[in-house]
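I have placed the structure first, in the form of structure tokens, so that the comments after it can refer back to it.
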Amino acid sequence: MKYPVLLAFASVLTGCALAALVAPDRKLNWYKGNTHTHTLNSDGDSPPGEVAHWYRDHEYDFLVISDHNYFTVITELQKEIDRENKREMRKPFLMIPGEEVTDQFMDARKKYALHVNGVATTRVVGKQGGGSVVEVLQRCIDGVLSAGGLPSVNHPNYEWSITTDDLYSLKNLQHFEIFNGHPSVNNFGGGGSPSLEEMWDALLSRGRRLFGVAVDDAHVFTKFSPEDSNPGRGWIVARAPELSQAAILEALKSGDFYASTGVELEELSTSDRTLRLKIKQREDFRYRTHFIGKDGKVLASSEAIEASYRLKEGDLYVRARVASSNGQVAWTQPLHEN
């Protein structure tokens, strides 16, 4: 999936509300990718080649294979796919190395499952250990950074292991999952525990500038059902001048991407303190955009294909949640007041 950018974009960067506008003559494209999936090298049911081909054949532009505590080497697989794409006149497909750093902590109450994704790592990170949930997570984040990767905390509500306070305490973290397609990760909270989106708003409202990621966390490619962790349920769409590891990483670091379970955006910009978007119309679906601010308050709503919201005094931030009548959603990254 690739769309030319029609509006100049100012990236939402950690620590500032708006960056310098991208030069109007610089061509950028949208690239669809998944940053969290598994193969036979950990607990997936298919080899890396079959997994990569599934995403390639389903119009993704890039993929991170993130096996548990295992560094899946993708060099030869990338060469194979490049040869196939050239022979079959397909568009390019990029493989990015990675790992799901998989650890745990146990106290008198329970066992906590603590997983941190490492995107573009250069070696195995593996378990790091620690004396508390926060210490284990922080060591995993530090391990990913030391291996040259970009860390993202995975599925906080999996086994109800990570709280909002835990996430707030972490350093050198820019990303966490606000949607995970695995059927057992409790995205929507319940019983007094917040949803991942509620966590996001709580963190943003406390001044933590975090970007929200959607993934499928696929393990099962040989059969498809709601009970299986299948591919194609969540992804990100990054905006970059080219399909390269460096360009995709820069888009992730600067927040120049949106997360989705199916809704596509044709245009997205943050300039003049205003978040603007245009939805790609599909079939006869209808759409509702909520602009969400501090403490999860809905600041404004729109049912139009094109929608915008300008920050007002005291808003702190605004993000958009675009829902389709078929149940699919897209989430933009937050635009901050200052």
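What follows draws every value from the coordinates through simple rules; no lab data is involved. Remember, it's a predicted structure, so these values are computed and weren't measured experimentally. Positions of Cβ are backbone-derived with ideal geometry, glycine not excepted, and every protein chain shown enters the neighbour counts.
Going by how many other Cβ atoms sit within 10 Å of their own, how do 199, 89 line up, fewest first? Each step should come with its number before you reach the end.
Working: 199 24, 89 6.
With the fewest neighbours first, 199, 89 line up as 89, 199.
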Rounded to the nearest 500, the 222 nm mean residue ellipticity computed for the chain from DSSP H runs (n ≥ 4, each -39500 (n - 2.57)) alone is -5500 deg cm²/dmol
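For residue 205 and residue 306, FRET efficiency with R0 = 22 Å and r from the beta-carbon atoms, rounded to 0.05? List each step's numbers first, then the result.
Working: r = 28 Å, r/R0 = 1.25.
Result of the calculation: an efficiency of 0.20.
Kindly state, to the nearest 0.05, the FRET efficiency for residue 250 paired with residue 109, given R0 = 56 Å and r defined as their beta-carbon distance.
On the way: r = 41 Å, r/R0 = 0.74.
Computed FRET efficiency for residue 250 and residue 109 comes out at 0.85.
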Packing-based order for 330-337, 286-293, using average beta carbon neighbours within 10 Å, highest first: 330-337, 286-293
Cut-off 16 Å, label 7 Å out along Cα→Cβ of residue 84, residues of segment 214-251 by amide N: 221-222
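What trypsin sites (Lys or Arg not before Pro) in segment 75-134 are in a loop by DSSP, with at most 11 other Cβ atoms within 10 Å of the Cβ?
Values: sites: 79, 83, 86, 87, 90, 109, 110, 111, 123, 127; in loops: 90, 109, 110, 123, 127.
The qualifying sites are 109, 110.
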For the chain, what is the Kirkwood estimate of the hydrodynamic radius, computed as the reciprocal of the mean inverse distance between distinct Cα atoms, to one decimal in Å? 20.2
Given Cβ point charges of +1 (Lys, Arg) and -1 (Asp, Glu) and nothing else, what value in debye, to the nearest 20, does the dipole of segment 262-338 about its Cα centre take? 140
The set of residues whose placed amide H lies less than 5 Å from the amide H of residue 35, leaving out same-chain residues fewer than 5 positions away, is 64, 216, 236
From the phi of every residue in segment 44-61, what ³J(HN,Hα) in whole Hz does the Karplus formula 6.51 cos²θ - 1.76 cosθ + 1.60 yield, where θ is phi - 60° and glycine or proline is x? x, 9, 9, x, x, x, 5, 5, 4, 5, 4, 5, 4, 6, 10, 6, 7, 9
Residues meeting the amide H criterion for residue 266 (H placed from the backbone, H to H distance under 5 Å, 5 or more places apart or on another chain) are 278, 279, 280
Please work out how much length the chain gains when fully extended from residue 228 to residue 159, using 0.36 nm per residue of separation minus the C-alpha to C-alpha distance, in nm with one decimal. 23.1 nm
From the phi angles alone, apply the Karplus equation (6.51, -1.76, 1.60; θ = phi - 60°) to segment 75-87 and give each ³J(HN,Hα) in whole Hz, x where the residue is Gly or Pro. 4, 5, 5, 4, 4, 4, 5, 4, 5, 4, 4, 5, 5
Order of 75, 37 under a 10 Å beta carbon neighbour criterion, fewest first: 75, 37
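With charges only on Cβ, +1 for K and R and -1 for D and E, what is the dipole size of segment 26-102 about its Cα centre, in debye, rounded to 20?
Working: 10 positive and 14 negative charges, 140 e Å.
Taking the Cα centre of segment 26-102 as origin, the dipole is about 680 debye.
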Put +1 on the Cβ of each Lys and Arg and -1 on the Cβ of each Asp and Glu in the chain; which of 54, 186, 255 then has its Cα farthest toward the positive end of the dipole? 255
Diffing segment 276-293: the Karplus 3J(HN,Hα) column from phi (6.51, -1.76, 1.60, θ = phi - 60°), in whole Hz with x for Gly and Pro, holds 10, 8, 9, 8, 7, 5, 10, 6, 10, 5, 10, 10, 9, 9, 9, 9, 10, x
Amide H of residue 316 versus every other amide H placed in the peptide plane: which residues, excluding those fewer than 5 positions away on the same chain, fall under 5 Å? 337
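With +1 assigned to the C-beta of every Lys and Arg and -1 to the C-beta of every Asp and Glu, and no other charges, what is the dipole magnitude of the chain about the Cα centre in debye, to the nearest 20? Provide the component values of the computation, followed by the final result.
Details: 38 positive and 45 negative charges, 155 e Å.
So the magnitude is around 740 debye.
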